[in-house]
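Undergrad: Mind having a look at this structure? Questions to follow.
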Amino acid sequence: MPGKDYRTFPALRWPLDVQHQEVNGQRIIVLSCPLGIAEQPLGLHAATAPLLQSFGGKLSIDEIHTQFTPQGCTRELIEELIDLLDKHLFLDSPRYSAAAERVRAEFSNLLQRPAFLAGLGYSATPAALAAEVEQLLCTPPALAIEPTQRPLLGLVSPHIDYRRGGACYGITWNQLRSYSHDLYLLMGTSHQY
């Protein structure tokens, strides 16, 4: 939280992916970063879950310690957990803020951004992808769309992987074949933050 010291008022940062898993018969919590800022996931014993829930920036470390003293939690344990979360970039702290800014700057300066879903939602190589798109465009549509005589000003296309939405893509994108423009503006969503 702004104005509060992360070591006095610990707060997990956002966004985080949190999963419960079982490893060698032990229940663990796995924290991972959907932003890619923290490159490695962090596994913690499931018993840390109540402590992690108290790391919202509203309770001081003293209040957290008082709350969990009956369970045998020491201040040193809480401080170790804070240090571990900070080291791995899962705490809202200056270390995390600096790393996040560095990642944002590097991404903004890329001339070509990586295709995160290449090989997953569509073919990984340009030649295979071009062949896949061409096949979508050449597949006869299941339903006929009457061409219009009016100029095409916009086109709404599906947002789903080609394997499931291919027929819709073929129908939609074929509308562009008879047009030639100097500029195409694509607006889309991303599955990456």
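The values are calculated or read from the model by the stated rules, or taken from the named source; none is laboratory data. Bear in mind the structure is a predicted one, so any value in this text is a computation, not a measurement. All Cβ positions, glycine included, derive from the backbone under ideal geometry; neighbour counts span all protein chains shown. Surface accessibility is based on the protein's heavy atoms, side chains included, excluding ligands, DNA and RNA. Shrake-Rupley method; radii C 1.70, N 1.55, O 1.52, S 1.80 Å.
Undergrad: Compare Ile171, Ile82, Ile37 in a GNM of the chain, Cα atoms joined below 10 Å, and give the one with the largest fluctuation.
TA: Ile171
Undergrad: Regarding region 79-166, what are the three Cα extents along the principal axes, ordered largest first, in Å?
TA: Result for region 79-166: principal-axis Cα extents of 67, 29, 25 Å.
Undergrad: Output the Cα-based Rg and Dmax of the chain in Å, rounding Rg to one decimal and Dmax to a whole number.
TA: In Å, with Rg to one decimal and Dmax whole: 24.7, 77.
Undergrad: Okay, next question. Whole Å is fine, so just give me how far the alpha carbon centre of region 14-41 lies from that of region 59-82.
TA: Between the Cα centre of region 14-41 and that of region 59-82, the gap is 22 Å.
Undergrad: Which one, Ile29, Gln71, Pro114, is farthest towards the positive end of the dipole of the chain when Lys and Arg carry +1 and Asp and Glu -1 on their Cβ?
TA: Positive-end residue among those listed: Pro114.
Undergrad: Run lengths n ≥ 4 of DSSP H only: what is the helix-derived mean residue ellipticity at 222 nm for the chain, with -39500 (n - 2.57) per run over all residues, to the nearest 500?
TA: So the helix-based figure for the chain works out to -11000 deg cm²/dmol.
Undergrad: Determine the order of Glu132, Glu63 by accessible area, beginning with the largest, at a probe radius of 1.4 Å. Mind dumping the intermediate values first?
TA: Details: Glu132 30, Glu63 90 Å².
Ranked from most to least accessible, the order is Glu63, Glu132.
Undergrad: Can you tell me the relative contact order of region 1-122? Whole percent, Cα pairs under 8 Å, sequence separation 6 or more.
TA: It comes to 26 percent, rounded to a whole number.
Undergrad: Which ³J(HN,Hα) values, rounded to whole Hz and listed in residue order, are derived for region 123-137 from phi using the Karplus coefficients 6.51, -1.76 and 1.60 in 6.51 cos²θ - 1.76 cosθ + 1.60 with θ = phi - 60°, glycine and proline given as x?
TA: With the stated coefficients, region 123-137 comes to 4, 7, 9, x, 5, 5, 5, 4, 5, 5, 5, 4, 5, 4, 6 Hz.
Undergrad: Would you mind checking the tilt of helix 162-174 against the longest principal axis of the Cα atoms of the chain, expressed as 0 to 90 degrees and rounded to 10?
TA: Roughly 40 degrees between the two axes.
Undergrad: Would you grab the residues whose amide H sits under 5 Å from the one on Asp92? Only those 5+ places off in sequence or on another chain, please, with H modelled 1.01 Å from N.
TA: Ala11, Leu12, Arg13
Undergrad: Relative to the compact globular guide of 2.2 N^0.38 Å, what is the alpha carbon radius of gyration of region 1-82, as a ratio?
TA: So region 1-82 has a normalised radius of gyration of 1.14.
Undergrad: Still on this structure, please answer the following. Let's see if you can work this out: charge +1 on each Lys and Arg Cβ, -1 on each Asp and Glu Cβ, no other charges. What is the dipole magnitude of the chain about its Cα centre, in debye to the nearest 20?
TA: 400 debye
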